[in-house]
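What follows draws every value from the coordinates through simple rules; no lab data is involved. As the structure is a computational prediction, the values presented were derived from the model and not from experiment. Cβ sites come from the backbone with ideal geometry, for glycine too, and all protein chains shown count toward neighbours.
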Amino acid sequence: MREVKRIKRDLIHSGAILDIYEDTMLLPNGKEEKWDFVSHRMGAACVLAVKPNGKILMVRQYRSALDRETLEVPAGKRDSVNEDTSICASRELEEETGYRAGKLERLLSLKSTVAFCDELIDVYLATELEKIGEQHLDESEEIDIEEWDLNDLVEMCYAGTIQDSKTVAAIMAYALRLNTK
């Protein structure tokens, strides 16, 4: 494979979480091309939370990018680039659902959209859940908590009802783990 080389990177927009760049790339055929790049400065974590009865806690919330509600695993960005993603996962689980995990285990790490974004998300499995209180949502958040069977969630992933990459990855990784034990 011949080398692609970035010869210039221009910051187009700096936001609270994301920076958007325009990269000038030198292609193997000698031509230059402009590519978009989105840098997610913080990284994130998500958590597939399994109650003792086997039900999985999911959150339903409005997503502006899709202009509709989505069903997802609890997730959020790290508070700093140095924050351990397990702390982020625990915090997001408590804030979004009011549950605390007695056991938290990393399932996998993923890059959400490698064609144009460097966002890293660590995916955790939370078990031994304990209800510790109510949700502690940000002022702009409105999140409903739902409980689902794993088989129904897997079917929804295959049907395209659930399309969020971190949620699909979490559900499928957990399903595979159960099938290989």
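Using the beta-carbon distance between Asn151 and Phe116 and R0 = 25 Å, what value does 1/(1 + (r/R0)^6) give for FRET efficiency, to the nearest 0.05? Result of the calculation: an efficiency of 0.15. In the range 116-181 the Cα-Cα distances spread across 5 Å bins starting at 0 as 3, 11, 18, 21, 22, 16, 6, 2, 0 percent of all pairs. On a 0 to 90 degree scale, rounded to 10, what angle separates helix 165-180 from the longest Cα axis of the chain? That helix lies at roughly 60 degrees to the long axis. Lys-Lys pairs in the range 27-181 that are eight or more residues apart or on separate chains and whose Cα atoms lie under 19 Å of each other come to 12. Against the chain, whose longest principal axis is taken from its Cα atoms, helix 85-97 shows a tilt of about 50°. If you take the beta carbon distance between Arg177 and Asp67 as r and set R0 to 30 Å, what does 1/(1 + (r/R0)^6) give as a FRET efficiency, to the nearest 0.05? Computed FRET efficiency for Arg177 and Asp67: 0.35. Using only Cα positions of the chain, each an equal point scatterer, no hydration layer, compute I(q)/I(0) via Debye at q = 0.11 Å⁻¹ and quote the log10 values to two decimals. Results for the chain at q = 0.11 Å⁻¹ read -0.55.
At a 10 angstrom cut-off on C-beta neighbours, averaged per residue, how do the peptides 167-173, 22-28, 152-158 rank from highest to lowest? Numbers along the way, then the final one.
Details: 167-173: 21.3, 22-28: 13.6, 152-158: 15.3.
Result, highest mean Cβ count within 10 Å first: 167-173, 152-158, 22-28.
Stretching Lys31 away from Ser109 to a fully extended chain increases their span by 24.6 nm, per 0.36 nm per residue minus the current alpha-carbon distance.
Report summary: the helix-based calculation at 222 nm, which adds -39500 (n - 2.57) for every DSSP H run with n ≥ 4 and divides by the residues of the chain, gives -7000 deg cm²/dmol. To the nearest ten degrees, helix 150-159 and the longest principal axis of the Cα atoms of the chain are 30 degrees apart. The Cβ shell under 10 Å around Asp122 holds other residues with a net charge of +2, Lys and Arg each +1, Asp and Glu each -1.
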